[in-house]
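Asks: The structure is given below, and queries will be raised subsequently.
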Amino acid sequence: MEPTRLNFPTIVAKTVVVHTVTYFVVGVLAFTLLDYTTRFAAPLVNSLMRPFDDPLVRLGPLFQPLRGLLFGVVFYLLRDVLFAKSAGWLTTWVVLAFVGIFSTFGPASGSIEGMVYTKLPISGQLVGLIEILAQSLLLSVVTFFWVTRPKKRWVSWVLVGSFVLIVLLTTMGLLMGGNA
């Protein structure tokens, strides 16, 4: 693999874009298909989670580039393992799932700590895992594909265009006071 494809700015920028896009797309699908409106109205979850019309929740997509930056730094540090082999996407996903989802240091929903130490129903935590595992899988596959195939210009156009659209629409929705 050409060293220029594995440089810090390339890996971080692509990870920022892919994370933001996959976060938004999977989040919208999960909200719709997993009936988050009903799930988040449950008393225990309602006391833990902000409502969907909360300004911070509506700002959520605008925080994702920061999270993508953090992922990108880690992907860059592990670039020789993650992007050098044909199954690098699988290695990326396993690292994200095992370290970032199941084995978090805090009691996050869906993690081992969350299932042990929180009062959230395990069934609800498992439903949330569908979204989290799907988004981390997409992040892994799409980032791997884009980093290892830089000559596929259509990928850049679709992803960067989607990223810009997500940021613009989120910003416009906030400025206009509409519901997210």
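Asks: I'd like the FRET efficiency for Y117 and L168, computed as 1/(1 + (r/R0)^6) with the beta carbon distance as r and R0 of 35 Å, rounded to 0.05.
Replies: That gives a FRET efficiency of 0.30.
Asks: Where does each of M176, M115 land when they are ranked from fewest to most other beta-carbon atoms within 10 angstrom?
Replies: In increasing order of surrounding Cβ atoms, one gets M176, M115.
Asks: Any idea how many Lys pairs in region 3-172 come in under 22 angstrom at the alpha carbon, given 8 or more places apart or on separate chains?
Replies: Close lysine pairs under the 22 Å cut-off: 5.
Asks: Using +1 at the C-beta of Lys and Arg and -1 at the C-beta of Asp and Glu, which of F163, V127, G173 has the Cα lying farthest in the positive direction of the dipole of the chain?
Replies: Of the listed residues, the answer is F163.
Asks: Let me know the shape class of the chain, please: from the alpha-carbon gyration tensor, a ≥ b ≥ c as square roots of the eigenvalues, rounded when a/c is under 1.5, otherwise prolate if a/b is greater than b/c, or oblate. Spell out each step's value before the answer.
Replies: Details: a/c = 2.39, a/b = 1.36, b/c = 1.75.
Oblate shape, in that a/c is at least 1.5 and b/c is the bigger or equal ratio.
Asks: Just to verify a number: FRET efficiency for R50 and F105, C-beta to C-beta distance, R0 = 22 Å, to 0.05? Write out the running numbers ahead of the final one.
Replies: On the way: r = 22 Å, r/R0 = 1.01.
FRET efficiency, R50 to F105: 0.50.
Each value in this text was obtained by applying a stated rule to the coordinates, not by laboratory testing. Just so we're clear, the structure is a prediction, and the values are computed from it rather than from any experiment. Please note: Cβ atoms are built from the backbone with ideal geometry, for glycine as well, and neighbour counts cover all protein chains shown.
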